[in-house]
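Colleague: I'd like to ask some things about the structure below.
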Amino acid sequence: MIRLFVGLGNPGAEYEDTRHNAGFWWIDSLARKLGASLQVERNYYGLCARVNNAPGASGPIWLLQPMTYMNLSGKSVAPLARFFKIAPEEILAIHDELDLLPGEMKFKQGGGNGGHNGLKDMQAQLGSANFWRLRLGIGHPGIKSEVAGYVLRKPPLAERQAVEDCIGKSMDALEFMLKGEMDKALTKIHAKPPRPKPPKPAPQVATATTSANNPAALASPSVSVAESAGPVPTPDPGPKP
């Protein structure tokens, strides 16, 4: 089960809406869902909230936004985890992911850090990489040298909305995470939306072509213009000489 939710990002208003702060966006959404308020906790170098009655949880859970800047995220996570005896397997780190497009997300346990400095420091400070990760896609600029500037810029509105849609969908798996039903949480997060049903065919409308193909129509006598007008009059030759 998950007892500690860690959103990775950078502190300060100038970074609030940048791609690298997708993890912070997730924690903000969870706090709203649970009616929790994040408060400064100097012992843990971050903003923290304790929730005692989360649906599905067997005990208190913690929400954390490290205020150490991304590269030192573990400095915030490790002391909180040690004090409350939270194992790495009970931690979920939520972070931005360059290798996924906006609107995509992946949920997994353990693995490498993919060059993400926040994950790297968490692994170093916890002494384990066995924590869970929720990767929120932000896309890639296409050129490695542009990555640093890309993650520290605000995404276009459509991309931000795509990330927010993923955040909303992942919240549907929260109770499974808190109950320790991780397979169900994974299935919920990775489920693709149902394909739209094809539209029903429009009813056929009779046309001149269909009438021409109707045997009854073909059997009907045709009337020429001349016949419909009656006999054609001959010209008057006038008086004979």
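What follows is calculated from the coordinates using simple rules that are stated; it is not laboratory data. Just so it is clear, the model here is predicted, and its values are computed rather than measured. Cβ sites come from the backbone with ideal geometry, for glycine too, and all protein chains shown count toward neighbours.
Colleague: How charged is the neighbourhood of Gly111? Take every other residue with its Cβ under 11 Å from the Cβ of Gly111, and add Lys/Arg as +1 and Asp/Glu as -1. Spell out each step's value before the answer.
Modeller: On the way: positive: Lys106, Lys108, Arg133, Arg135; negative: none.
Its environment carries a net charge of +4.
Colleague: Still on this structure, please answer the following. What is the sum of charges, Lys and Arg at +1 and Asp and Glu at -1, for the other residues whose Cβ falls under 11 Å from the Cβ of Pro79?
Modeller: Within the 11 Å Cβ shell, the charges total +2.
Colleague: Can you pull out the trypsin sites (Lys or Arg not before Pro) in the range 125-180 that DSSP calls coil and that have at most 15 other Cβ atoms within 10 Å? Let's see the in-between values first.
Modeller: Values: sites: Arg133, Arg135, Lys144, Arg153, Arg160, Lys169, Lys179; in loops: Arg153.
Within the range 125-180, the qualifying trypsin sites (Lys or Arg not before Pro) (loop, at most 15 other Cβ atoms within 10 Å) are Arg153.
Colleague: Which of the GluC sites (Glu not before Pro) found in the range 1-69 are in a DSSP loop and have at most 15 neighbouring Cβ atoms, other than their own, within 10 Å?
Modeller: Sites meeting the loop and neighbour criteria: Glu16.
Colleague: Note down the net charge around Ala49, summing +1 for each Lys or Arg and -1 for each Asp or Glu among other residues with Cβ under 14 Å from its Cβ.
Modeller: So the surrounding residues net to +2.
Colleague: Near the amide H of Leu134, under 5 Å away, which other amide H atoms are found, from residues 5 or more places off or on another chain, if H is placed in the peptide plane?
Modeller: Placed amide hydrogens put Ala93, Ile94, His95 under 5 Å from Leu134.
Colleague: Would you mind ranking Phe83, Phe5 by Cβ crowding within 10 Å, fewest neighbours first? It would help to have the intermediate numbers written out before the result.
Modeller: Working: Phe83 10, Phe5 27.
So the ranking, lowest neighbour count to highest, is Phe83, Phe5.
Colleague: What ranking do Val77, Val51, Val163, Val147 get, fewest neighbouring Cβ atoms within 10 angstrom at the top?
Modeller: Lowest count first: Val147, Val51, Val163, Val77.
Colleague: Now for a separate question. Kindly put Met70, Met177, Met171 in sequence by how many other C-beta atoms sit within 10 Å of each C-beta, fewest to most.
Modeller: Met171, Met70, Met177
Colleague: Also, quick follow-up: If you find the alpha carbon centre of the range 109-163 and of the range 10-62, how far apart are they in angstrom?
Modeller: 18
Colleague: Something else about it: How large are Rg and Dmax for the range 4-190 when calculated on the C-alpha trace, in angstrom?
Modeller: Cα-based Rg and Dmax for the range 4-190 come out at 15.2, 46 Å.
Colleague: Give me the percent of DSSP beta bridges within the range 4-190 that run antiparallel, rounded to the nearest 5. Please list the in-between numbers first.
Modeller: Numbers: 14 of 27 bridges.
So the antiparallel bridges amount to about 50 percent of the total.
Colleague: List the pairs from Lys75/Lys192; Lys85/Lys184; Lys85/Lys144; Lys108/Lys169; Lys33/Lys184; Lys33/Lys106 whose alpha-carbon separation is above 27 Å, in the order I gave them.
Modeller: Cα-Cα > 27 Å for Lys75/Lys192; Lys85/Lys144; rest within.
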